[in-house]
Amino acid sequence: MNKQEKDILKILWEEPFINQRILAEASGYSLGMVNRSVRNLAESGYLNEDMGLTELAKRECQKNMPRNAVILAAGFGTRMLPVNPGTPKGLLEVNGEPLVERLIRQLHEVDITEISLVVGFMKEKFEYLIDEYGVELVVNVDYAAKNNLYSLRLAAEQLSNTYIVPCDIWCNRNPFNRHEMYSWYMVSDIVEDESDVRVNRKGELVKVSKASAGNAMIGIAYLLEEDARIVRERIERLCGDSENDDAFWESALYEDGRMIVPARVVHASHVVEIDTYEQLRELDGESNHLKSDALDVIAEIFDSKPDEIEDIRVLKKGMTNRSFLFSCCGGKYIMRIPGEGTDRLIDRGREADVYRAIAGKGLCDNVVYINPKNGFKITKFLEGVRGADPDDVSDLRRCMKKLRDFHEMELAVDHEFDIFGQIEFYESLWEGQSSVYRDYRTTKKNVLSLRAYIEAHRTAPTLTHIDAVPDNFLFYRDGDEECLQLTDWEYAGMQDPHVDIAMFCIYSMYEKDQVDRLIDIYFEGNCPDAVRKKIYCYVAACGLLWSNWCEYKRKLGVEFGEYALKQYRFAKEYYKYAKEIGGK
């Protein structure tokens, strides 16, 4: 049977045959196509003389019936800012109904009660669904570091005549059915630039180039056993390569540039993916989850109403904070919201002191608003902004000049950034757990042994940025001129200014020759060996500091992958480089 014949057989299974014209209306196929399909089905023994299903047809239909469902609900939902943290996407409410509950009820309506829910972020908030709906919770402990390919892997053995469903979908009409005849992947009839696939004339889903638009991917799929077996094998293979940590499960559907299952195309109004705050507001302007502390602050600062805050767009998640762009009162702004566990890492009162110290100095735009208690911050949006390229020498020269000019201002605040004290502090946040690194104690001992040399050669303390990394050097246009500013001062404090050079190096994940190049650029080719050795010591110490910071964030479920490992390598390798340079 081809796809059209299977569609006709499914309709005849659900409703008694009346006539071909009504069958054409129900299937969406032409009358000629219906006539050919009915004739072929009869000739193949699936329909009797009265156009009823034969026993052969009934067995075929029953073989393809849905058995279970897997709902993927492990992710952070970071693009939902400014929805208040603490609500997983699957529990966002539309018309007073949590998204995941609506999906479960729609599955129940078609007698699918065997449902596995893969959870991760705030998994405890889904626990009630076990008692209310009889779902099985499958916990993905790697939800912070890996994408939903790994979530589906945890439920891969259950894939057989299975619906696969993302939790952030709102369906106006029930997308599930008691009867299915073949595997499919759901896409919308709307065309968008972000899609990876489009439906061709054969109803296949083929990959499109980044420059082309495609059908919006919904994410709901149905897999018969024969296709599920292929997907299971591919998922296992893909998960064996760390390069696929960010992969979506749909990666397992592709073969030679097309999906192994056909498209199921639905109208854009029938199935809506809720991936952003704006999409939730458009679907249900009265949703309880539109209430946001961040928007309340914006409304107060700009003397506006929450619905006057528009064009909300989440920016790339930083290592410490989350930020979103918005428009209000004719201007564009960025609001920063502190990330997980940040309240234990950063003194926001001290940060506010730093912004007062640098105000009017031409180092960065003055902040529109900063809350010294919760860390909320609003700054004006810069058009055409770009971060520094750590491999572009011309960028490096401008960044290091900006850094020198800042250091030479000799600004002061009342607090210090104590590198070695912070190493101990971040370690204390592990709350008695051991480091993930087997030789941590030896590495720490070696790094601490560098302290005496640092103290003996320390430059007079001045206000130091501490987080002077490429992403925080912002190039932007002011008319015909490209200007440069230094942003994100939350770690700033009194310290040897040469620490900023080390910080730039380790965040750029430089090799030694690149570290030496940056030192030479900052010192314009006149760096004494004793100072170079000191900067190596700072690279080692700061590497351990940020490695400990990463370990704390890791215990909160936030993983930084290669960056975290590289920081630990800096601690070990630059201890050796520092020891290789003479001097006491």
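The values are calculated or read from the model by the stated rules, or taken from the named source; none is laboratory data. It should be emphasised that the depicted structure is a prediction, and the values quoted were computed from it without experimental measurement. We place every Cβ from the backbone using ideal geometry, glycine too, and count neighbours over all the protein chains shown. These accessible areas exclude ligands, DNA and RNA; they are computed on the full protein's heavy atoms, side chains included. Shrake-Rupley method; radii C 1.70, N 1.55, O 1.52, S 1.80 Å.
Remark: residue 153 falls outside the filter, which requires a residue to be farther than 26 Å from residue 232 by Cα and in contact (Cβ under 8 Å) with a residue 60 or more places away in the chain. Pairing residues of segment 490-518 that are free of Cβ contacts under 8 Å to residues at least 24 places away in the same chain with residues that are β-branched (Val, Ile, Thr) and not in a strand (DSSP E or B), at Cβ distances under 6 Å and at least 6 apart in sequence or on separate chains, gives no pairs at all. In the condition set (1) within 30 Å of residue 291 (Cα to Cα); (2) modelled with pLDDT under 85, residue 25 is compliant with all but (1).
From the list 535, 581, the one residue that fits, being more than 30 Å from residue 75 (Cβ to Cβ) and either open to solvent by 30 Å² or more (accessible area, probe 1.4 Å) or free of Cβ contacts under 8 Å to residues at least 12 places away in the same chain (or both), is 581.
Return the total of residues in segment 59-80 being open to solvent by 30 Å² or more (accessible area, probe 1.4 Å) and either in contact (Cβ under 8 Å) with a residue 24 or more places away in the chain or assigned to a loop (DSSP other than H, G, I, E, B) (or both).
First pass over segment 59-80, keeping only residues open to solvent by 30 Å² or more (accessible area, probe 1.4 Å): 59-60, 62-63, 65, 67, 75-76, 78-79.
Then keep just the ones that are either in contact (Cβ under 8 Å) with a residue 24 or more places away in the chain or assigned to a loop (DSSP other than H, G, I, E, B) (or both); that gives 60, 65, 67, 75-76, 78-79.
Going through segment 59-80 one residue at a time, the tally reaches 7.
Only a single criterion out of (1) open to solvent by 40 Å² or more (accessible area, probe 1.4 Å); (2) over 30 Å from residue 376 (Cα atoms) is not satisfied by residue 93, namely (2). The single condition among (1) closer than 21 Å to residue 62 by Cβ; (2) over 26 Å from the mean Cα position of the chain (by Cα) that residue 202 does not meet is (1).
Counting the residues of segment 97-120 that are under 14 Å from residue 68 (Cβ atoms) and open to solvent by less than 10 Å² (accessible area, probe 1.4 Å) gives 8.
With respect to the conditions (1) open to solvent by less than 30 Å² (accessible area, probe 1.4 Å); (2) of a type outside the set (Phe, Trp, Tyr); (3) closer than 17 Å to residue 258 by Cα, residue 224 falls short on a single one, namely (3).
Of the strands (runs of 3 or more DSSP E) lying entirely inside segment 170-250, the ones with 3 or more residues being in contact with a strand residue (DSSP E or B) (Cβ under 7 Å, 6 or more places away or on another chain) and of a type in the set (A, V, I, L, M, F, W, C) are found at 184-192, 214-223. Kindly indicate whether residue 313 is without any contact (Cβ under 8 Å) to a residue 40 or more places away in the chain and part of a strand (DSSP E or B). Spelling it out, residue 313 is indeed without any contact (Cβ under 8 Å) to a residue 40 or more places away in the chain and part of a strand (DSSP E or B). Residues in segment 429-452 that are in a helix (DSSP H, G or I) and more than 22 Å from residue 565 (Cβ to Cβ): 451, 452. Residues of segment 311-343 that are among the polar types (S, T, N, Q) and modelled with pLDDT of 80 or more: 323, 327. Each residue in segment 375-404 was checked for being open to solvent by 60 Å² or more (accessible area, probe 1.4 Å), out of contact with any Asp or Glu (no Cβ under 8 Å at 6 or more places or on another chain) and of a type outside the set (Val, Ile, Thr), and 7 of them qualify. Entry remark, segment 356-369: residues being open to solvent by 20 Å² or more (accessible area, probe 1.4 Å) and either in a helix (DSSP H, G or I) or basic (Lys, Arg) (or both) number 3 in total.
Here is a list: 258, 229, 201, 264. Which entry is farther than 27 Å from residue 67 by Cβ, among the basic types (Lys, Arg) and open to solvent by 10 Å² or more (accessible area, probe 1.4 Å)?
Result: 201 is the single residue among 258, 229, 201, 264 that is farther than 27 Å from residue 67 by Cβ, among the basic types (Lys, Arg) and open to solvent by 10 Å² or more (accessible area, probe 1.4 Å).
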